Structure formats: structure tokens, C-alpha cells
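Asks: Pasting in a structure now, in C-alpha cells, and then I'll have a few things to ask.
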Amino acid sequence: MVEMRSIWTEDVRLPRFKKLTGSKKTDVLIVGGGIAGLLCAYFLEKAGVEYILAERDRICSGITKNTTAKITSQHGLIYHKLLKSVGTEKAKMYLDANQDAVRKFARLLRRMDCDHEVKPSYVYSRKDKKKLEKEAEALSKIGFQPLLSDAGELPIGTVGAIGFAGQAQFHPLKFLCRIAEGLNIYEDTFVREFTENTAHTEEGSIAFDRLIFATHFPIDNKHGMYALKMYQHRSYVIALEGAPGLSGMYVDEAVDGLSFRNYKNYLLLGGGAHKTGKIGGNWEELRNCARLYYPNLDEKYYWAAQDCMTLDGIPYIGQYSRSMPNSYVASGFNKWGMTSSMAAASILTDLILGKENPYAPVFSPSRNMIKPQLFVNGCSAIVNLFTISEKRCPHLGCALQWNRSEHSWDCPCHGSRFDGFGKLLDNPANGDLQ
């Protein structure tokens, strides 16, 4: 029987935490209980910093449970783009931050039973070998020697692949079960609004000195221009049972390509991506590929993920905005949430402790964002605001589109999603449809 749920939820029982009631006070408030928020809490706990983590539902109930869980610093063919956009020093800073994240995962996972496997990651191309050569040249300029492969174990034709050795894959929820043990977490604790240095929940309040937004898409609309600096993208996964093993993890350099990785005797086949609120290939595209390339394998699970995409391919990690010096953000992971979350937790912990982090400058949310996509995002939102629709998003009033494949109302402006009854599925909207 095929089940619409992530394979990671199959054999894991996440710990339960009580709901916050009454008034609390803390040094650091973390809003959001996905992998980024939990890692921030974990490192602050180790550093002896007082904190509270508030999650509106259950921990890992959002995007984290829908990852493909690849731990890699190879984020597509990004490094030749970074050399052009931010220069050699910051391109190397980005690589080093993510390689450091890979090593930190390895140290933590060494002591845990989380199906951790060290494997190379590869980006392949179906028709453009020059792109791979350009990326290899860029990596060489920042002192990194990539692997080269013919990607012969894939069922599709390619012109080759470029790879990173020493990367990894794991079971994210098994890992986070262990990480969450003993942390100061409140579940079912919906932060409805903020007044000065106080978060107001349904049944209480939390006074804080410093604040971390780890809510996937930032929920404060007044500062930082995040509604213009990001858009959201959906992608889809099917798990095929009885699959042959792969020696590496693979992703296409093309936006409309496929990703491949094993978990035990399953093949996790990803793709069908599209901007949230638009039409895309979704699971049907993956099932067509499975019928073509793996006709003898049975589909067991299927699910979808949603990712915040930034204007320059670099996450926003650091001070929320210049006007909010005691607030911090971790967002815009561009489909690479595992190493980005670890890098974010390391950087934000250092900032809170008053330490200089060597990687922080490249991720600064206040960096120059005058990019063509900024104007595309703005124009798209303006057009949408004048579009007639049965439903409108409570976030900033955009017209919602009905998603026939997933039976949801989706916002093409900023990516909020609601089920057929109006219940919030994905933020930045901070409540259900009225």
C-alpha cells in the first residue's frame, strides 16, 4: 500500500513536550522546532545559555520531516556562481562553513544510531559538460579538488558528474530524537504576536533578551524585507522498494531534473519541482520516470517538501535586520537544509556568545540584495494582489491558487499553504484562513 507520508516517520516516535502556560522569562527565545531551531537549542544548552524553544505544533512537524537528508557542502553547481557574485574569499568561506557542518554532523552521529553513511555526493548533467568543467575550475580556484565521474550507475544518460568525497546521508528524525532529549522545549505553543521583548502565545507569554527566528520562512513582516528577498519552491519524492544500491548521492544540475539516493533497500527518487502556487510535474512526473527506469519496483511512500529560495543562492543567517540588533534569523536554505541548519546553529550560537564567527560575513542577511529576482518577486506580488480569487492569503493578501495535486490552497507570492478546510500547512502566514 502506498502511503502519503515521509519514510522518516515510519519507525520513529518523537519525544513529547508540554504546552507553555503562564509567563516565562529567558535570555534567548527560539521560535521554530525544526532542525535549525533544535540545533540552536542544542548548542546553547551545551554553552550554558538560558533559552526556551517554542514550537506551534510538534517538533519536526514541518519541513524537516520531508527532507531527503543529504549532508553535503555540494549545493548544486554553485561555486562558479559564487566566484562571480561574491568573489574568491567569500566563495571559500561558504565552502568552508558547509564542510565544517559536514564534520560536525560526523562527530555527533558517530555516537548515535541514525543510519549514518559516508558517501560521495554528485551533481550530474544530462547534456552540458561545460557546466561541470566550469564548476571544477571554480573549485580548484578556492583550493578544493572535486571528484569526476561518468555517473554510470544512474539509469539515465548523462555527460558526466562532478562530486565531493566524504559527504553523508542519514535518518534525520532518529538524529533529532536524540538531540532533543533534555532540551527546554514547549510544543503546541503558538507565538501569535510580539511586543517589545515579549512573545505572546495562546496561553501565556515569554519575555526574552534575544530572539532567534527558526520558522523556515521568517514570520515578522515589518523588518528585513524577507517577503521580497525570498520565494518558495516545492519538490516531490517517491520511495521505491527493492532498489539497487547506489555508491553515491546524485542530483541534476538542471532545475527540472531528478535526484537519487538510497535508504536501506529503498530508492528515494526526487523531482517534479515548481515554484509554490504554480503548476509543476509533482509526483506524476516521478511516477512516469519510475515506470520507465524502474518498472519492477513498487512505490511505498510519497511526500513533498517546500524550500525557501534566496536571491543569490546563499542562506540568510545572522542579525534579523539592522533595526533589530537582538534578533537573529536562519532561513533561505535553498534546498540544502542539513548543512545550512548546522552552519546556522554554529554561527548564531557564536553571535549570542559574543564570539567572532569566521563564516558569518558571507551569510549576513543585510548584504546587498539588488538582484533581478528582487524585482521579479515584487512585480509578481503586485500583479497577484490585483488577481481575483476565491481565497486570499492572510499573510499579505495575495490571491491563493488551488493545488489539484495536493488538494491545498497555495500562495504564489510567498509560499503559504492551507488545506481544503483553511488550516495552515506552511508559513509565512501565521494563522488559518478565515
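The values are calculated or read from the model by the stated rules, or taken from the named source; none is laboratory data. Predicted, not measured: the structure shown is a model, and the values here were computed from it. Please note: Cβ atoms are built from the backbone with ideal geometry, for glycine as well, and neighbour counts cover all protein chains shown. The area values use the complete protein model at the heavy-atom level, side chains included, leaving out ligands, DNA and RNA. Shrake-Rupley method; radii C 1.70, N 1.55, O 1.52, S 1.80 Å.
Asks: Which percent, nearest 5, of DSSP beta bridges in the chain are antiparallel?
Replies: That works out to approximately 70 percent antiparallel.
Asks: At Glu390 and Val12, where each label point lies 7 Å from the Cα along Cα→Cβ, what is the point-to-point distance in nanometres?
Replies: 3.5
Asks: With every protein chain present, what is the per residue accessible area of the range 287-434 (1.4 Å probe, Å²)?
Replies: Accessible area per residue: 45 Å².
Asks: How much net charge surrounds Asp27 when only the other residues with a Cβ under 10 Å from the Cβ of Asp27 are counted, with Lys and Arg +1 and Asp and Glu -1?
Replies: Charge balance near Asp27 sits at 0.
Asks: Let me ask another. Output the lone cysteines of the chain: those with no second cysteine's C-beta under 4.7 Å from their C-beta.
Replies: Unpaired cysteines in the chain: Cys40, Cys60, Cys114, Cys177, Cys289, Cys308, Cys379.
Asks: Mind checking the log10 I(q)/I(0) for the chain at q = 0.06, 0.07, 0.10, 0.12 Å⁻¹? Debye, one equal scatterer per Cα, no solvent, two decimals.
Replies: -0.23, -0.32, -0.68, -1.02
Asks: So what is the 222 nm mean residue ellipticity for the chain from helices alone, if each DSSP H run of at least 4 adds -39500 (n - 2.57) and you divide by all residues, rounding to the nearest 500 deg cm²/dmol?
Replies: -8000 deg cm²/dmol
Asks: Moving to a separate point now. Modelled label-to-label distance, Arg404 and His200, 7 Å Cα→beta-carbon offset: nm?
Replies: Taking the simple label geometry, Arg404 and His200 are separated by 4.3 nm.
Asks: May I ask you to order 291-298, 87-94, 56-63 by the average number of other C-beta atoms within 10 Å around their residues, highest value first?
Replies: Packing order, densest peptide first, comes out as 56-63, 87-94, 291-298.
Asks: Find the accessible area per residue for the range 137-213; the probe is 1.4 Å, ligands and nucleic acids are left out, and the unit is Å².
Replies: 40
Asks: Among rounded, prolate and oblate, which fits the range 112-262 when a ≥ b ≥ c are the square roots of the eigenvalues of its C-alpha gyration tensor, a/c under 1.5 means rounded, and a/b larger than b/c means prolate?
Replies: prolate
Asks: Tell me, what are the semi-axes, in whole angstrom and largest first, of the equivalent ellipsoid of the range 82-150 as set by the roots of 5 times the Cα gyration tensor eigenvalues?
Replies: For the range 82-150, the ellipsoid semi-axes come out as 26, 18, 8 Å.
Asks: How much of the accessible area of the range 169-300, in percent, comes from carbon and sulfur atoms when a 1.4 Å probe is used?
Replies: Carbon and sulfur together cover 47 percent of it.
Asks: Another one. So if each residue of separation counts as 0.36 nm, and I subtract the Cα-Cα distance between Arg110 and Cys379, what length gain in nm does that give?
Replies: Length gained between Arg110 and Cys379: 92.0 nm.
Asks: Also, quick follow-up: Quick check: convex hull of the Cα atoms in the range 110-181, volume per residue, rounded to a whole Å³?
Replies: 122
Asks: Averaged per residue, what accessible surface does the range 1-122 expose to a 1.4 Å probe, in Å²?
Replies: 44
Asks: Continuing with the same structure: Arranged from highest to lowest average of other beta-carbon atoms within 10 Å per residue, in what order do the peptides 353-361, 118-126 appear?
Replies: 118-126, 353-361
Asks: Next question. Taking Cα pairs under 8 Å and at least six residues apart, what relative contact order does the range 112-260 come out at, in percent?
Replies: Rounded, it is 28 percent for the range 112-260.
Asks: Using a 7 Å offset from the Cα along the Cα-to-Cβ direction at both Lys355 and Ala47, what is the distance between the two label points in nm, to one decimal?
Replies: Reported label-point gap for Lys355 and Ala47 is 0.7 nm.
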